[in-house]
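Everything below concerns the one structure shown next.
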Amino acid sequence: MAKIRWTSRAGRQAVRRFKKEKVIWLTTVGKGGRPQPRPVWFLWERGRFVIYSQAPARKLAHIRRNSQVALNLNSDPDGDDVVVVLGTARIAKEAPQANLVPAYLRKYRSSIKSLGATPEQFAAGYSVAIWITPELLRGI
């Protein structure tokens with residue numbers, strides 16, 4: 001598969017959105033082969049996506065069975081500015097807790113507070129890190 005050119009116009013536009021958007025749609029493949037989309041918080045860091053999950057979440061079982069995932073950002077009201085990324089997910093046991101990732105806290109501190117939680121409480125509840133390596137960029 002060809003490497004994504006993040007320096008292209010489409011690549012730069014996608015990265016700008018990854019840095020500012022707070023929610024991305026993660027689609028995994030369920031047990032019966034049915035796509036399972038869900039909105040998640042994410043961080044774009046070092047050319048990959050970082051997502052924190054609750055341990056009992058079904059998406060983790062899906063990823064263990066099939067690591068191929070899709071991510072997409074919401075389009076604009078006219079259906080333009082589409083960003084879809086296909087990639088490979090893995091559960092990253094070596095990843096730091098969410099409360100120890102300064103960029104994640106900068107992005108979500110106020111959202112965590114609005115949940116009535118501290119960063120430490122959030123990290124305890126969303127204790128499983130998922131790293132997604134992008135392989136294909138579509139849209140724009």
Subject >> Failed item, numbered, when Thr28 is tested on (1) outside any helix (DSSP H, G or I); (2) among the polar types (S, T, N, Q); (3) touching a residue at least 60 places away in the same chain (Cβ under 8 Å); (4) surrounded by fewer than 16 Cβ atoms within 10 Å (Cβ to Cβ) >> reply: (4)
Subject >> Hey, Ala55 in contact (Cβ under 8 Å) with a residue 12 or more places away in the chain, in contact with an Asp or Glu (Cβ under 8 Å, 6 or more places away or on another chain) and surrounded by fewer than 18 Cβ atoms within 10 Å (Cβ to Cβ) or not >> reply: no
Original post:
What do you reckon, is Ser75 small (Gly, Ala, Ser) and in contact with a Ser or Thr (Cβ under 9 Å, 6 or more places away or on another chain)?
Top reply: no
**OP:** Scan the range 68-123 for residues that are part of a helix (DSSP H, G or I) and either surrounded by 12 or more Cβ atoms within 10 Å (Cβ to Cβ) or not small (Gly, Ala, Ser) (or both) and report the count.
**Re:** 19
**OP:** Provide a single number: the residues in the range 31-60 that are in a helix (DSSP H, G or I) and charged (D, E, K, R).
**Re:** 2
Subject >> Hey, Trp6 more than 17 Å from Ala129 (Cβ to Cβ) and of a type outside the set (Asp, Glu) or not >> reply: yes
**OP:** Can you run down the residue pairs with Cβ atoms below 8 Å, 6 or more apart or on separate chains, where the first is in the range 96-116 and within 16 Å of Lys20 (Cβ to Cβ) and modelled with pLDDT under 95 and the partner is of a type outside the set (A, V, I, L, M, F, W, C) and outside any loop (DSSP other than H, G, I, E, B)?
**Re:** none
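Among the listed residues Thr88, Thr118, Thr28, identify the single one that is of a type in the set (S, T, N, Q) and over 15 Å from the mean Cα position of the chain (by Cα).
Just one listed residue meets the conditions, Thr118.
The values are calculated or read from the model by the stated rules, or taken from the named source; none is laboratory data. Note that the coordinates shown come from a computational prediction; the quantities given were computed from them, not determined experimentally. Reconstructed Cβ throughout: ideal geometry from the backbone, glycine too, with neighbour counts over all protein chains shown.
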